[in-house]
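Below you'll find the structure, written out as structure tokens, and then a few comments.
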Amino acid sequence: MSTSSHLVFNVTIGKQKPENIINSTAYCPFCHRDTLEDIIEQRGTIWLIKNKYPVLEATLQTVLIETDDCNSELSLYSKDHLYNVIRFGVEKWLEMTASGQFTSVLFYKNHGPCSGGTIRHPHMQIVGLEHINYLEHVQADHFIGQLIDSRHSVEFNLSTKPRMGFFEFNILLQDLADLNSMADYIQIAAHYILHGFHRACKSYNLFFYHFDGKIIVKIIPRFVSSPLFIGYSIPQVANEERAKEVISQIKEHYL
């Protein structure tokens, strides 16, 4: 197995990780901040720490704890807190990228039982990869889509050539001065996915990319993954009528 294309997951460490997305009564380590170790930086209620359970080998795994409210969620934050969370996360991600210590750096968020996460408490992850360049798997057409809205240097669209399939929202930022507008669109997409998209959808992922001179965020509603994508890497695209309906709903309720 080539270390340049696959991450090694340490199963022994993985078995020790707490889980409270399914088992909602389980202990939440992020609610007990006096017990947290390896704190990198604090900015109010937003904390950046080293991951206590570094399951990915040849990486530096950090966790951005977004709030001290375990029951909150990015789509519900006040504007001030939303902007602070996104700005803090982007700053730390770009700093780690610019450090030169890593081949590339991931910045992403899991939310909900189908997202791949284990802790309910709102958080993101910034992971430095020693041997893998995530951009090798990124193509420009992954971020092309039907325009939903635009503001300043920020475009919000619905992907016409999604990476995994069906519905993926893209937000493309050209000027960091407009980061708050990007944050607004992220919040709109997250709220729509959880509250207006499909009654069975309780999960999503956010993925950040530094690509083609832009900062890009892809927001993906998560269900059980398509077997065609798992087995053959063939994405599917929703029919045009449903895509238009989704865009219309977002414009009507949020813009």
- request: Could you check, for segment 65-73, whether at least one of its residues is in a strand (DSSP E or B) and surrounded by 12 or more Cβ atoms within 10 Å (Cβ to Cβ)?
  value: yes
task: Inspect all residues belonging to segment 117-139 and state whether any of them is within 26 Å of I247 (Cα to Cα), exposed (fewer than 14 other Cβ atoms within 10 Å of the Cβ) and out of contact with any Ser or Thr (no Cβ under 8 Å at 6 or more places or on another chain).
output: yes
query: Does H142 qualify as being buried (at least 20 other Cβ atoms within 10 Å of the Cβ) and either at positive phi or not assigned by TED's automatic domain parsing to the domain that holds T62 (or both)?
result: yes
- request: Please go through segment 205-235 and pick out each residue that is among the basic types (K, R) and either outside any strand (DSSP E or B) or within 26 Å of R120 (Cβ to Cβ) (or both).
  value: K218, R222
message: For the list (1) surrounded by fewer than 16 Cβ atoms within 10 Å (Cβ to Cβ); (2) within 19 Å of C201 (Cβ to Cβ), I need the number of the one condition that K109 fails.
response: (1)
- request: Report yes if S72 is under 21 Å from Y185 (Cα atoms) and among the small types (G, A, S), otherwise no.
  value: yes
message: Given (1) in a loop (DSSP other than H, G, I, E, B); (2) small (G, A, S); (3) closer than 18 Å to S75 by Cβ, identify the lone condition not met by G165.
response: (3)
- line: F223 fails exactly one of (1) over 16 Å from the mean Cα position of the chain (by Cα); (2) surrounded by fewer than 16 Cβ atoms within 10 Å (Cβ to Cβ); (3) closer than 30 Å to N20 by Cβ, namely (1)
message: Checking the structure you have, find out if any residue of segment 183-206 is modelled with pLDDT of 95 or more, over 22 Å from E66 (Cα atoms) and not β-branched (V, I, T).
response: no
field: Looking only at segment 154-165, and only at residues there that are of a type outside the set (K, R) and out of contact with any Ser or Thr (no Cβ under 8 Å at 6 or more places or on another chain), the one that is farthest from I247 (Cα to Cα)
entry: P162
statement: Result of the Cβ filter at 8 Å on segment 56-83, keeping first residues that are at positive phi and outside the structural domain of V127 (by TED's automatic domain parsing) and partners that are charged (D, E, K, R) and in a loop (DSSP other than H, G, I, E, B), at least 6 apart or interchain, is none
Qualifying positions in segment 184-243 - aromatic (F, W, Y), touching a Ser or Thr at 6+ places or on another chain (Cβ under 8 Å) and farther than 18 Å from H142 by Cα: F223
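The values are calculated or read from the model by the stated rules, or taken from the named source; none is laboratory data. The model shown is predicted, which means the values in this text are computed figures rather than measured ones. Using ideal geometry, Cβ is built from the backbone for each residue, glycine included, and neighbour counts are taken over all protein chains shown.
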